[in-house]
Structure formats: C-alpha cells, structure tokens
Amino acid sequence: MKSWKSILLFILIILVAVKYIDLTIEYQDNDFIFAGFIIGFYLLLFLIFGTIALNIEFKKYRLLKDLKVFKLTTMSILIVFVALGMHTYFAVRDSSNIILEAEQNFDLNHIKIELREDKTYKFTNGSALGNSYCRGNYIKNDSIITIDTASSDKLLQSNQLAIRGNLIYMIDSNHRIVDSTFYFILNN
C-alpha cells in the first residue's frame, strides 16, 4: 500500500464504510422517507471502491505472486462481515413476539406501543415523512404497565400506563389519568 492510489483508496473505503455504518445505526431508531436511498448510495460507493481495490491488488498479485498485496480487499471483506453482524443484531432485536399492541392515528401522525414477550417494548412516533423508535424494558402488573421512559421520545409524560377497557392511558403515581386526550387504542 505504498502508492498514493492505494492510500487514497484506503481513506475513501474507510470514510464510506464509517458513514454507512453510522447512518445504518442512526436509521434504526429514526427512519425517514429517503433513508433507503441514502444508505444505498453509500453501499454503492463502498462496492465501487472495493471493486477498484480488488482490481488494483489483483494486478499487483499477478506481478508479485504474493498474497500480502490483498490488504485493502481483506479490510473490505472484514467491513462487510461487521456490517452483516450489525444488520443481524438489528433484525434479531425486535424478533420477540408481540403480546400487546396499541396505537393512535392522527391526521398525518401516529403513535404506537408494542409490548413483547421478552419484557421489552417498542414505542413508535410516526409521521408522513418517517418514524422514530424508542425501545426499553417494561413491567406489567395486572392493568398497570411501568415503562422505562428514558428514551420515549419525550412524548410520554409518565412512565406508568393503565389499561382501561380497550384504551391505554398515561397515569400518575396516584393512578389518575395524566392527559385524557392522549391514549392508545388496543389492537385486537
């Protein structure tokens, strides 16, 4: 990797890979309408730079007959394995069965909460342009649900929810409804 082309290619591969991984992590909790195009663009750039690196290193290999010339290609393959591991983790994270699901639809916005078998929840705050997701743990005692609101998109005013009929309300420590206009409707 002594030529300036290899150094430039190394820098470009690292920059594109870091940006791809950063955006992929960011869009796991916040997606918007054009997220797929942006991530796809960085993936395409990575594949182009990786192919160029493979081509350059293969030409060097034909001359030198030394496997050590495949440094950029090896690094690119390792980055691909890291990305695959990251995508697998994100796919498995929400794979637990949903035991209770409730939502509320407004004009262009919606909110949704999913309680899962593994005692985790997923809170969705969505709009026409995208969604933001918050995840955490919950405890359910009869009709009272206590959630971790540290990451609830600051939309929830209480960490306690109460199931009343087919609605879920936010309640305070005295079990009074905090805001009667803000509720989730249970999905059957």
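Odds and ends about this structure:
- Violating pairs (Cα-Cα greater than 19 angstrom) within the set 5/59; 19/71; 19/122; 19/112; 5/68; 5/60: 19/71; 19/122; 19/112
- For 142, 94, the sequence from fewest to most other C-beta atoms within 10 Å is 142, 94.
- Mean separation of Cα contacts under 8 Å, 6 or more apart, over the residue count of the range 98-186: relative contact order %: 21 percent
- Along each principal axis, taking the top coordinate minus the bottom one, the Cα set of the range 4-93 gives 48, 24, 15 Å in descending order.
- Cα extents of the chain along the three principal axes, largest first (Å): 77, 32, 27
- With the helix formula -39500 (n - 2.57) applied to DSSP H stretches of n ≥ 4, the chain reaches a computed 222 nm mean residue ellipticity of -15000 deg cm²/dmol.
- Note on residue 140: aspartates and glutamates with a C-alpha under 15 Å away, same-chain residues under 8 apart excluded, are 101, 114, 117, 118, 148.
- Counting charges near residue 140 (Lys, Arg +1; Asp, Glu -1) among other residues having Cβ under 14 Å from its Cβ returns a value of -4.
- Percentage relative contact order, the chain, counting C-alpha pairs under 8 Å, at least six apart: 14 percent
- All other residues whose Cβ lies under 13 angstrom from that of residue 120 are scored, Lys and Arg at +1 and Asp and Glu at -1, for a net of +1.
Values quoted throughout were computed directly from the atomic coordinates according to the rules given, and no laboratory measurement underlies them. These figures come from a predicted structure and were not determined experimentally. Glycine also receives a Cβ, built like all others from the backbone with ideal geometry; neighbour counts cover every protein chain displayed.
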